[in-house]
Amino acid sequence: MDLFSANNIIFFLLATIILVFGFLSVTTTKILRAATYLFFVLFAIAGLYLFLSYEFLAAVQLSVYAGGIVVLFVFAILLVKNLGEETEKVSFQKKLVGGIAAFAGVVVTLITAFNYGFILNETADEAVESVNMQAVGNALMGVEKYQYLLPFEASSILLLACIIGSVVVAQKNKEEKR
């Protein structure tokens, strides 16, 4: 297996983008920059989906997460926060707890990845051909057990409530400044 094949270079490039911008998004003190870095992370994850021949998941990733969620974050930031201000400095104890939690997450992920028996004899094209898109559509738009329309609608109501709440908080802040 050639380390410098085009597939490996693309994968390592996307993985590097995800790691660098993910790290930047959680370490920056500017909240608008954090949302921008998160957008780059989500965009690179969509690139990984395309790399794996999952075009549908890449489209969902771009439209729902990179498009909708990041735009929602930016609107909430613009309505609630002053862009010139930096966020509060995090105490050492919170950084330590966050670091321990991140390390535990990495350990659990590595243990799971190494203990899982991956099937290497099936190519990506064969896996894509075996997926029935009618079944995917029924699962996404159905209301029965193991179908996802109701959770999707519940999350949309939650996001709507967040938008309304941010507008109310922004209006209170504007009234207090007057």
Task: Pair list, Cβ < 9 Å and 6+ apart or interchain, from segment 53-68 residues that are touching a residue at least 40 places away in the same chain (Cβ under 8 Å) to residues that are surrounded by 15 or more Cβ atoms within 10 Å (Cβ to Cβ) - done: Tyr54/Leu48; Phe56/Tyr49
- [ ] Being surrounded by fewer than 11 Cβ atoms within 10 Å (Cβ to Cβ) and in contact (Cβ under 8 Å) with a residue 60 or more places away in the chain is the filter here, so list the residues in segment 132-165 that pass it.
- [x] Met133
Open item on the list: I'd like to know if segment 18-35 contains one or more residues that are modelled with pLDDT of 85 or more and farther than 20 Å from Gly98 by Cα.
Closed with: no
Open item on the list: Here is a list: Leu52, Leu57. Which entry is at pLDDT 85 or above and either surrounded by 18 or more Cβ atoms within 10 Å (Cβ to Cβ) or outside the structural domain of Ser155 (by TED's automatic domain parsing) (or both)?
Closed with: Leu52
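Can you tell me which residue is nearest to Ala161 (Cα to Cα) among those in segment 31-59 that are in a helix (DSSP H, G or I) and small (Gly, Ala, Ser)?
The initial filter retains those residues of segment 31-59 that are in a helix (DSSP H, G or I), namely 31-51, 55-59.
Now narrow it down to the ones that are small (Gly, Ala, Ser): 34-35, 44, 46-47, 58-59.
Details: Ala34: 22, Ala35: 20, Ala44: 29, Ala46: 27, Gly47: 31, Ala58: 27, Ala59: 25 Å.
The qualifying residue nearest to Ala161 (Cα to Cα) is Ala35.
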Task: Every pair of residues 6+ apart whose Cβ atoms lie under 9 Å, when the first sits in segment 108-122 and is within 18 Å of Leu52 (Cβ to Cβ) while the second is at pLDDT below 85 and small (Gly, Ala, Ser) - done: Glu122/Ser130
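In segment 60-143, which helices (runs of 4 or more DSSP H) lie fully inside it and hold 1 or more residues that are at pLDDT below 65? Even if it seems obvious, please write down each step before you answer.
Values: elements: 70-80, 92-115, 124-130, 133-141.
Answer list for segment 60-143: 70-80, 124-130.
The values are calculated or read from the model by the stated rules, or taken from the named source; none is laboratory data. These numbers come from a predicted model, not from an experiment. We place every Cβ from the backbone using ideal geometry, glycine too, and count neighbours over all the protein chains shown.
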